[in-house]
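Notes to accompany the following structure.
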Amino acid sequence: MVVPHKAGSFDHRRAVTTLEHMIADFEQGTTEADMTHVAEILDLHDLSRDPEAGGIDAFRERAADNLRNRGLHHHVFDTALAVALVDYFSLQILAVDVVRPFNIFVVAQKLNSGHSPNNASYLGNQAKYRRTSPFLIDRQPVVRTAQ
């Protein structure tokens, strides 16, 4: 899985999405046609980090047609969320890496039926990525609140 890290992207002003929110979107079958977050995106998107967006008017127009051009991030990630999401789906995490300018890489595999993953070394405040990530937010203690 490769997802953009909020700290290195134009999403840096937005709050990290909660795992509970992502699970709810999954269970409800939310698609890219969902416009729930557009007001927040328009308000907090850092256009200086997204030169292809043009000015605010061009960005609003692009956002209105997101289903066709897929230019919006419905969810905002830090590394802890990416790891928690993979763990939620009971995949065995094999590696986690965070690379500038804004990439989170999680390599995982599906286990045989009846086997459970052991992702303890990737979860929580002692995970290796928390010491090696180039983004300060990853080095902060994991504290998740419902949104």
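The values are calculated or read from the model by the stated rules, or taken from the named source; none is laboratory data. Everything quoted here is computed from the prediction, not taken from an experiment. Cβ coordinates were reconstructed from backbone atoms using ideal geometry, including for glycine residues, and neighbour counts include every protein chain displayed. The area values use the complete protein model at the heavy-atom level, side chains included, leaving out ligands, DNA and RNA. Shrake-Rupley method; radii C 1.70, N 1.55, O 1.52, S 1.80 Å.
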Problem set entry | Rounded to 10°, Cα long-axis angle of helix 79-88 versus longest principal axis of the chain | 60 degrees
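Can you give the net charge of the other residues whose Cβ lies under 12 Å from the Cβ of R68, counting K and R as +1 and D and E as -1?
-1
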Problem set entry | Gap separating the Cα centres of the stretch 99-140 and the stretch 18-81, nearest whole Å | 24 Å
For this session: Determine, for each peptide in 14-22, 38-46, the mean count of other beta carbons within 10 angstrom over its residues, then list the peptides with the highest first.
Result: 14-22, 38-46
Seminar exercise, completed: Site V2, offset 7 angstrom along Cα→Cβ, radius 14 Å on amide nitrogen, limited to the stretch 42-72, gives none
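Write down the accessible area per residue of the stretch 11-83 in Å², having rolled a 1.4 Å probe over the full set of protein chains.
55 Å²
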For this session: Sum -39500 (n - 2.57) across every DSSP H segment of at least 4 residues in the chain, then divide by the residue count to get the 222 nm mean residue ellipticity, nearest 500.
Result: -8000 deg cm²/dmol
